[in-house]
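Before any comments, here is the structure.
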Amino acid sequence: MEKNLPYEEIRRRFLESEDFNEIFDAVEEAIKQKIEDIELYRLLFWNNSL
């Protein structure tokens, strides 16, 4: 897993990624960073790859 993903990379992965492992790593990173932005997680739920 990549360490310390920037917020914008997490956002990009939630929005655009089609790779489950890449998305999962971004979720883990968001939790680790204690990101509480509901709009960010909303992008994740709208990702068609999930």
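Look at ARG11 and say whether it is in contact (Cβ under 8 Å) with a residue 24 or more places away in the chain and part of a helix (DSSP H, G or I). Talk me through it step by step, then tell me what you get.
Values: in contact (Cβ under 8 Å) with a residue 24 or more places away in the chain: yes; part of a helix (DSSP H, G or I): yes.
Taking the combined requirement at face value, the residue satisfies it.
Which of the numbered conditions does GLU39 fail, given that it passes all the others? Conditions: (1) in a helix (DSSP H, G or I); (2) surrounded by 11 or more Cβ atoms within 10 Å (Cβ to Cβ).
Among (1) in a helix (DSSP H, G or I); (2) surrounded by 11 or more Cβ atoms within 10 Å (Cβ to Cβ), GLU39 violates only (2).
Can you pull out the residues in the range 26-48 that are more than 9 Å from PHE14 (Cα to Cα), polar (S, T, N, Q) and within 11 Å of the chain's Cα centre (by Cα)?
If the condition is that a residue be more than 9 Å from PHE14 (Cα to Cα), polar (S, T, N, Q) and within 11 Å of the chain's Cα centre (by Cα), then no residue fits.
All of the numbers you see were taken from the coordinates with simple rules; none came from a lab. Treat the numbers as computed from the prediction; the structure is a model and nothing was measured. Backbone-built Cβ (ideal geometry, glycine too); neighbour counts: all protein chains shown.
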